[in-house]
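Working notes for the structure below.
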Amino acid sequence: MPGSLAQQPVYEADGLIAEDIDTYLDRHQHKSLLRFITCGSVDDGKSTLIGRLLYDSKMIFEDQLATLEADSRKLGTQGQNIDFALLVDGLAAEREQGITIDVAYRFFATAERKFIVADTPGHEQYTRNMVTGASTADLAVILIDARKGVLVQTRRHSYLAHLLGIRNIVLAVNKMDLIGYDQARYEAIVAEYGAFARSIGIEDFMPMPISGFKGDNITTLSETMPWYRGPTLIRHLETVPIDVASDQRKPFRMPVQWVNRPNLDFRGFSGLIASGTVRPGNPVRVLPSGKTSTVSRIVTQDGDLDVAVAGQSVTLCLADEIDCSRGDVLAAAEEPPQVADQFEATVVWMADEALLPGRPYWLKLGTRTVTATLQQPKYQINVNSLEHLAAKTLDLNAIGVTVVATDQPITFEPYADNRQLGGFILIDKQTNATVAAGMLHFSLRRAQNVHWQALDVTRETHARLKNQSPAVVWFTGLSGAGKSTIANLVEKKLVRMNRHTFLLDGDNIRHGLNRDLGFTDADRIENIRRVGHVAKLMSDAGLIVLTAFISPFRAERAMVRAMMPPGTFLEVHIDTPLEEAERRDVKGLYKKARAGQLAHFTGIDSPYEPPEAPDIRIDTTRMTPEQAADLIIERLIP
Amino acid sequence: MNHIDLKEREAVRLTHLQRLEAESIHILREVVAETEKPVMLYSVGKDSAVMLHLARKAFYPSPPPFPLLHVDTTWKFKAMYEMRDRMARESGMELLVHHNPEAVEKGINPFDHGPLHTDLWKTEGLKQALDLHGFDAAFGGARRDEEKSRAKERVFSFRSASHRWDPKSQRPELWNLYNARKAKGESIRVFPISNWTELDIWQYIHLNDIPIVPLYFAARRPTVERDGMLLMVDDERFPLRPGETPVELSIRFRTLGCYPLTGAVESEATTLPAVIQEMLLTTTSERQGRAIDRDAGAGSMEKKKQEGYF
């Protein structure tokens with residue numbers, strides 16, 4: 001055994017346990033919890049350090065120690081000495097390889113605190129494991145081998161810890177025994193690391209010279225390094241402030257997990273409070289609906305509470321019967337979080353199969369699961385050099401910044417403000433694997449601070465008053481296909497049937513609302529987005545809305561469909577072959593386009609994506625506009 | 001406590017047990033919200049007692065919206081059966097008891113059949129019960145501090161349709177976001193008390209006055225010493241070897257299972273604080289009293305898990 005065991009410290013007051021167990025239990029009961037991760041390269045001595053923390057805190061029993069001694073002789077790398085690393089390298093395959101290949105959680109306690117350690121690997125391809133471990137950590141211990149100094153891996157670990165929002169960083173310069181406890185070398189390493197840390201936004205860190213193997217500055221101050229004035233690693237871990245107060249000062253937010261309804265007289269909303277403080281009488285708002293009420297009770301099995309704070313699992317009752325279900329967020333009424341459907345996010349890819357931009361994934365954030373698509377990354381971050389690189393996709397362990405769009409608005413907060421409402425996972429819809437983790441930074445809507453106002457006169461009220469079922473009939477097809485002609489006929493027939501309608505026509509809208517838009521792909525998408533929303537508002541007002549736009553891209557038509565209540569969106573493909581439309585050339589536009597006088601003309605130098613499964617397909621080479629209009633009305637008003 | 005920053009002192013300070021409790025309740029609720037037919041595996045031990053207590057808290061005032069499942073071997077201590085039936089009554093939950101019919105038919109017992117006893121009654125019995133009722137999620141009371149390979153298992157642990165666990169393809173678990181999606185036929189074993197230690201369990205039982213089987217407390221009981229283990233003669237099925245005579249000793253159990261496989265420790269601890277005191281001062285690990293870990297040497301628990309043992 002290493003000689004340092006002679007100066008073995010005592011974490012727990014052994015005497016107290018033996019003499020006054022009640023006092024001991026009372027102390028243990030009031031301990032706080034610190035979750036931390038250790039990150040280091042393969043040979044930085046990470047497992048040895050953790051093994052020592054467990055060993056010194058008496059988390060190792062005699063029988064385990066006997067196994068450890070036997071294993072150390074058989075498999076160990078420390079000769080006849082105890083190889084502490086063997087204590088924490090769990091799975092059989094890993095033991096043979098001699099490296100930790102997954103995240104493992106270890107537990108120990110001191111007189112002040114209980115600790116959960118995420119033991120995360122230092123191996124090149126396992127960024128995903130470190131990100132996983134860091135996601136729940138309050139503190140990170142970055143290990144450096146004193147012989148090697150700041151390595152590429154050190155930069156990567158520090159960057160990831162910072163990215164995941166860990167504010168407490170310990171720089172543990174390990175293996176000081178192997179450089180003869182050289183103060184100058186230590187200080188050079190700390191200076192080099194400090195310059196790097198500042199460059200990535202780490203404002204503060206706690207450096208310390210240690211030896212996991214010999215035990216220097218782990219639990220007792222090293223006698224061989226009298227020049228070190230700081231605390232031991234353990235002392236620092238047990239006294240570093242955990243910023244619970246700032247979490248509790250933030251506005252109240254609780255994602256609703258489950259609606260508790262044992263009988264007709266009780267309806268409670270269960271969840272884990274993500275931030276803030278809540279008391280009976282507090283006004284709250286349900287997001288994204290925007291409805292408000294007041295907290296009437298905070299229910300637990302141990303009796304109602306006067307106050308509940310971030311980190312507690314509770315059940316809240318509201319004063320009013322309002323709609324609220326799993327996936328909603330209960331929030332302070334006057335300071336609600338944002339609701340949006342497009343975000344900039346940093347995404348860490350965790351699957352062998354690379355990101356497919358545009359493919360729908362499940363996105364889970366808080367208790368809400370929605371469909372999301374990612375754009376091609378704006379850039380990928382090289383975690384070693386921290387350079388921004390151009391990227392078309394993200395491979396396993398790649399980190400990139402991209403735009404995430406969800407099919408429904410979700411309630412969120414920037415990750416930097418709130419891990420619970422800013423962190424998300426992506427799930428492959430086919431394999432159900434968790435393929436990525438992400439952090440939302442901000443919403444891309446300018447209206448990010450506009451909240452939904454719950455209205456008393458609803459879509460249903462408007463529809464009843466007009467005695468009709470509102471709908472959006474979306475005509476799509478090439479220029480000159482006959483969209484406007486047929487839509488116009490349909491509207492005339494509907495009006496004759498006393499239906500309240502409105503026709504949004506592409507050319508007309510481009511004279512007004514969308515006069516600022518051109519014909520690039522981006523402008524076409526924005527054109528359709530605006531028209532979609534106008535159609536949505538008009539149908540909310542009870543109207544049957546007809547739209548006549550080329551709307552060349554499937555994705556945008558799908559986006560508009562998703563805005564409407566199910567069954568109220570009718571996609572009508574006016575299917576006229578290009579040759580036929582060009583032959584008709586009612587407005588002379590094809591001629592101009594062919595002559596090169598019109599850029600981005602659909603069908604000529606800009607693509608048209610025909611619907612794969614339109615609700616109605618009109619082949620204008622086989623029926624007259626009149627017949628087409630009747631067919632559409634038959635479907636619309638059965 | 002002058003090292004604690006003033007800001008922190010103004011806040012409501014959650015203790016580690018409060019944080020663990022909140023995390024476990026969160027997990028229990030996520031499973032109920034995201035799976036179709038969950039069940040709680042109830043083994044009547046102290047970890048099960050805590051897990052059941054947390055479930056009752058999580059869904060209060062509703063009873064937990066899932067049944068309890070006891071995969072029985074018929075060889076548990078009598079006191080365990082009494083506690084099991086009492087807790088089912090008090091919690092208002094349905095109690096399902098499963099006996100592997102093959103093990104019943106062959107009369108499998110721990111005295112004559114060695115490792116086959118655990119394999120047939122428990123491992124096979126559990127798979128049968130889950131398939132029989134079509135449960136797609138099963139809560140278990142395993143803790144990460146129990147054993148090295150447990151330390152790396154996720155809170156949500158997926159099993160193939162044939163109940164196998166693949167330690168190489170586990171889903172990453174970030175923040176408190178659990179991905180409960182699975183293909184038809186797959187199921188999840190969920191461990192809500194993953195992050196609790198043995199001391200946390202005892203302390204929580206103490207603070208919340210949670211009923212536990214009296215065998216955890218010392219009392220004078222008939223015992224025989226066999227193969228280095230102190231066994232309790234719990235009923236007349238215990239075959240005495242030549243020369244063995246039961247001796248009354250003050251004993252208790254640190255862990256409970258099939259009585260012929262569970263070693264007792266000599267103890268005078270008749271109260272919870274005294275039990276905790278002994279636990280803290282003891283120098284052997286909890287699982288040492290279980291014969292199961294000795295079957296195949298190092299890595300045996302990992303192997304059992306891959307085969308479907310909980």
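The values are calculated or read from the model by the stated rules, or taken from the named source; none is laboratory data. None of the values given here were measured: they were computed from a predicted structure. Note that we place each Cβ from the backbone using ideal geometry, even for glycine, and neighbour counts take in every protein chain shown. Protein only, heavy atoms only, side chains kept; ligands, DNA and RNA dropped before computing areas. Shrake-Rupley method; radii C 1.70, N 1.55, O 1.52, S 1.80 Å.
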Legend entry - Pair A:Q408, A:V495: separation of 7 Å Cα→Cβ label points (nm): 3.8 nm
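Compute for chains B and A the buried accessible surface, both sides summed, probe 1.4 Å, and express it in Å² to the nearest 100. Please report the intermediate quantities before stating the final value.
On the way: alone 15650 and 30470 Å², together 38680 Å².
Using a 1.4 Å probe on protein heavy atoms, the buried area is about 7400 Å².
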Legend entry - HN-Hα J in Hz across the stretch B:83-94 - Karplus 6.51, -1.76, 1.60, θ = phi - 60°, x for Gly and Pro: 5, 4, 5, 5, 5, 5, 4, 5, 7, x, 9, 6
Inset, instruction - Would you please give the FRET efficiency between A:T621 and A:R297, computed as 1/(1 + (r/R0)^6) with r the Cβ-Cβ distance and R0 = 51 Å, to the nearest 0.05? - result: 0.15
Inset, instruction - On the protein heavy atoms, probe 1.4 angstrom, tell me the percent of accessible surface of chain B carried by carbon and sulfur. - result: 51 percent
Inset, instruction - Determine the calculated [θ] at 222 nm for the protein assembly as shown from helices alone, applying -39500 (n - 2.57) to every DSSP H run no shorter than 4 residues and normalising by the residue count; nearest 500 deg cm²/dmol. - result: -9000 deg cm²/dmol
Inset, instruction - Can you work out the accessible area per residue across the stretch B:23-136, with the rest of the protein chains kept in place, probe 1.4 Å, in square angstrom? - result: 36 Å²
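Could you compute the FRET efficiency for A:D265 and A:L151, with r as their C-beta to C-beta distance and R0 at 60 Å, rounded to 0.05? Numbers along the way, then the final one.
Working: r = 63 Å, r/R0 = 1.05.
Working from the Cβ atoms, E equals 0.40.
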Legend entry - Cα gyration tensor, the stretch A:576-625 - rounded (a/c under 1.5), prolate or oblate: oblate
Inset, instruction - Place a label point 7 angstrom from the Cα of B:R237 along the Cα-to-Cβ direction, then list the residues of the stretch B:117-151 whose backbone nitrogen is under 16 Å away. - result: B:117-123, B:125
Legend entry - Mean Cα-pair separation over length for chain A, i.e. relative contact order, pairs under 8 Å, 6 or more apart, %: 8 percent
Inset, instruction - Go through the stretch A:614-624 residue by residue and turn each phi into a ³J(HN,Hα) via Karplus (6.51, -1.76, 1.60, θ = phi - 60°); whole Hz please, and just put x for glycine and proline. - result: x, 5, 9, 10, 10, 8, 6, 7, 10, 9, 7
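Starting from the Cα gyration tensor of the protein assembly as shown, take the square roots of the eigenvalues, sort them a ≥ b ≥ c, and report rounded, prolate or oblate (rounded when a/c is under 1.5, otherwise prolate if a/b is larger than b/c, else oblate).
Prolate.
A 31 angstrom limit on the alpha carbon distance is what I want to check against. Which of B:K122/B:K184; A:K46/B:K127; A:K364/B:K76; B:K106/B:K182; A:K364/B:K122; A:K291/A:K536 exceed it? Could the numbers behind the result be given before it?
Working: B:K122/B:K184 24 Å; A:K46/B:K127 38 Å; A:K364/B:K76 42 Å; B:K106/B:K182 36 Å; A:K364/B:K122 35 Å; A:K291/A:K536 21 Å.
Exceeds cut-off: A:K46/B:K127; A:K364/B:K76; B:K106/B:K182; A:K364/B:K122.
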Inset, instruction - Quick one: which residues, 5+ away or cross-chain, put their amide H under 5 Å from the amide H of A:N260? H built at 1.01 Å from N. - result: A:G268, A:F269, A:S270
Inset, instruction - Would you mind checking which residues have amide H under 5 Å from A:A436's amide H? H placed 1.01 Å from N; only 5 or more apart, or other chain. - result: A:M350, A:L426
Inset, instruction - Work out which residues of the stretch A:320-352 lose at minimum 10 square angstrom of accessible surface when the other protein chains are put back, relative to the chain isolated, with a 1.4 angstrom probe, and list them by number. - result: A:R326, A:M350
Inset, instruction - Pull up all non-local amide H partners of A:T501: gap of 5 or more, or a different chain, and H-to-H distance under 5 Å with H placed in the peptide plane. - result: A:I544
Inset, instruction - Determine the distance separating the Cα centre of the stretch B:75-150 from the Cα centre of the stretch A:538-593; give it in Å without decimals. - result: 62 Å
Inset, instruction - Could you state the accessible area per residue of the stretch A:245-377 in Å², with a 1.4 Å probe and every protein chain left in place? - result: 37 Å²
Legend entry - Solvent-accessible area of B:S194 with every protein chain in place, 1.4 Å probe, in Å² to the nearest 10: 10 Å²
